[in-house]
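The values are calculated or read from the model by the stated rules, or taken from the named source; none is laboratory data. Because the structure is a prediction, the values reported are computed rather than measured. Methodologically, a virtual Cβ is constructed for each residue, glycine included, from the backbone with ideal geometry; neighbour enumeration extends over all protein chains shown. The area values use the complete protein model at the heavy-atom level, side chains included, leaving out ligands, DNA and RNA. Shrake-Rupley method; radii C 1.70, N 1.55, O 1.52, S 1.80 Å.
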Amino acid sequence: AVFIAAFSILWACYGGWVTISSASIAKFFGTVHYARCYGVAYLASGTAALAGPQLAGLIDAMTDSYIDFFPVLASFAVAGFLISHFTLKPPASN
């Protein structure tokens with residue numbers, strides 16, 4: 001039951017990302033270079049989708065546990081937050 005609840009929350013969040021990403025990208029970067037920015041965002045998402053399971057498998061092979069992958073994942077999340085916090089400027093209000 002816990003797995004089903006966690007899995008449902010995960011995919012609900014992913015669905016939210018897919019829904020708001022295009023509007024957020026247009027708002028932050030403008031529509032002039034929208035296609036390029038949208039492509040970069042999905043390239044990063046696709047790269048993470050390919051590299052994440054590979055890294056998790058490597059860590060499992062080295063430590064015999066997937067639990068050891070979560071601190072790595074948390075550090076990537078914190079790094080992503082810090083990079084976006086310090087490099088993205090909020091859109092100008094009209």
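Evaluate the following for F7: is it surrounded by 12 or more Cβ atoms within 10 Å (Cβ to Cβ) and among the aromatic types (F, W, Y)?
No: the conditions fail for F7.
Taking the condition of being closer than 23 Å to Y14 by Cβ and open to solvent by less than 70 Å² (accessible area, probe 1.4 Å), how many residues in the range 61-72 meet it?
2
Need pairs with beta-carbon distance below 6 Å; first residue modelled with pLDDT under 90 and within the range 70-93, second in a helix (DSSP H, G or I) and not aliphatic (A, V, I, L, M); sequence gap 6+ or separate chains.
P91/K27; P91/F28
Mind checking which residues of the range 10-22 are closer than 20 Å to H85 by Cβ and either modelled with pLDDT of 85 or more or surrounded by 11 or more Cβ atoms within 10 Å (Cβ to Cβ) (or both)?
Scanning the range 10-22 gives W17, I20, S21.
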